[in-house]
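Quick notes on the structure that follows.
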């Protein structure tokens, strides 16, 4: 398997693990008192994920560029929805939140946009 794809898959596995485990029992986590920190974390998780998947799959010269871009965006949004539903139905001490879905979606759009801007301005020989 291509290393870039393996990195992207690994990141999504980490998202799944961190979103499905109960972190409230960890003392260090309980000490963090930043309002809406979980929303920022969701945004960062999905920004990173969409950037990694774009890096792994997008090639502007390929005829499948638009299809792959669409699959990345909608695939990650659906992945985020699935994770939220799993939080609600599994005994994780966590619950479905529409604001998490919004932060995930904004992260996907932001990460993909950052990747597209990056590829537009990066030197072609790197």
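Since every read-out is calculated from the coordinates, none of them should be taken as a lab result. Fair warning: this is a prediction, and the values are worked out from it, not measured in the lab. All Cβ positions, even for glycine, are placed from backbone atoms using ideal geometry, and neighbour counts span all protein chains on display.
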With semi-axes √(5λ) of the Cα gyration tensor in Å defined as stated, name the option among (i) 30, 15, 13; (ii) 29, 12, 11; (iii) 45, 14, 11 computed from the structure displayed. (i)
Can you give the calculated 222 nm mean residue ellipticity of the chain, where each DSSP H run of n ≥ 4 adds -39,500 (n - 2.57) and the sum is split over every residue, rounded to the nearest 500 deg cm²/dmol? -25000 deg cm²/dmol
Pick from 72, 44, 17 the residue whose mean-square fluctuation is largest in a GNM of the chain, springs joining Cα atoms under 10 Å. 17
In whole percent, what relative contact order does region 3-121 give with Cα contacts below 8 Å and a gap of six or more residues? 37 percent
In what order do 50, 95, 63 fall by count of nearby beta-carbon atoms within 10 Å, going from fewest to most? 63, 95, 50
